[in-house]
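So the structure is just underneath, and the comments pick up after that.
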Amino acid sequence: MSPLVHPRMVLFMEQLPHEHKRGKALFRELIRRAGLPEWAAAPAEPENFLAVLEKGLRSYGLPVLDDMLKESVLVDLGYVDGKALAQAREDIGAASLVPDLLCDVLALEVGLRSLM
């Protein structure tokens, strides 16, 4: 668990003046004071994990999707359209990116399967 979600830390952060909270100014200043370089305190581009998500979906998600096309809790319960799912699988083969929404569908499917 992150120490930043501890109730006392949350209360402290809520009481800070807005200028210390805006743009994570307080945390960025602490990083600077710790001696880390400016690129660590204020990176030019925000950190994201799109490349990791894409690789994970292609490597691990698509096999789950292929299994879902055969048998799916979400399709069986009517929450996901099986034909649309099959079309999405075909479209992904030629696409450069896997849609983010697919990650949510796969996570829910895997979660439901784990309960069975």
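The values are calculated or read from the model by the stated rules, or taken from the named source; none is laboratory data. Just so you know, these numbers come straight off a predicted model, no measurement behind them. Using ideal geometry, Cβ is built from the backbone for each residue, glycine included, and neighbour counts are taken over all protein chains shown.
Based on what the data block shows, is Val10 at negative phi, among the β-branched types (Val, Ile, Thr), in contact with an Asp or Glu (Cβ under 9 Å, 6 or more places away or on another chain) and free of Cβ contacts under 8 Å to residues at least 24 places away in the same chain? Criteria not met by Val10.
Among residues of the stretch 86-98 that are at negative phi, those with a Cβ under 8 angstrom from a residue that is at pLDDT 85 or above and not hydrophobic (A, V, I, L, M, F, W, C), sequence gap 6+ or separate chain, pair up as Arg89/Asp66; Val98/Gly61. For the stretch 1-43, a tally of residues being part of a helix (DSSP H, G or I), at pLDDT below 85 and aliphatic (A, V, I, L, M) returns 5. Restricting Val98, Val75 to residues that are farther than 30 Å from His20 by Cβ and assigned to a loop (DSSP other than H, G, I, E, B) narrows the list to Val98. Do you know which of the residues in the stretch 66-77 that are closer than 13 Å to Arg113 by Cα and in contact with a Leu (Cβ under 7 Å, 6 or more places away or on another chain) is surrounded by the most Cβ atoms within 10 Å (Cβ to Cβ)? Step by step, filter the stretch 66-77, then rank; the result is Met68. Within the stretch 78-90, which residues are surrounded by 11 or more Cβ atoms within 10 Å (Cβ to Cβ) and assigned to a helix (DSSP H, G or I)? Gly82, Leu85, Ala86, Gln87, Ala88, Arg89 - these are the residues of the stretch 78-90 that are surrounded by 11 or more Cβ atoms within 10 Å (Cβ to Cβ) and assigned to a helix (DSSP H, G or I). Quick one: is Ala88 within 13 Å of Leu62 (Cα to Cα) and either modelled with pLDDT of 90 or more or under 23 Å from the mean Cα position of the chain (by Cα) (or both)? Yes: the conditions hold for Ala88.
Residue-wise test of (1) assigned by TED's automatic domain parsing to the domain that holds Val10; (2) in contact (Cβ under 8 Å) with a residue 40 or more places away in the chain.
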| residue | (1), (2) |
| --- | --- |
| Arg32 | yes, no |
| Ser59 | no, no |
| Asp66 | no, no |
| Lys70 | no, no |
| Gly78 | no, no |
| Ala84 | no, no |
| Asp100 | no, yes |
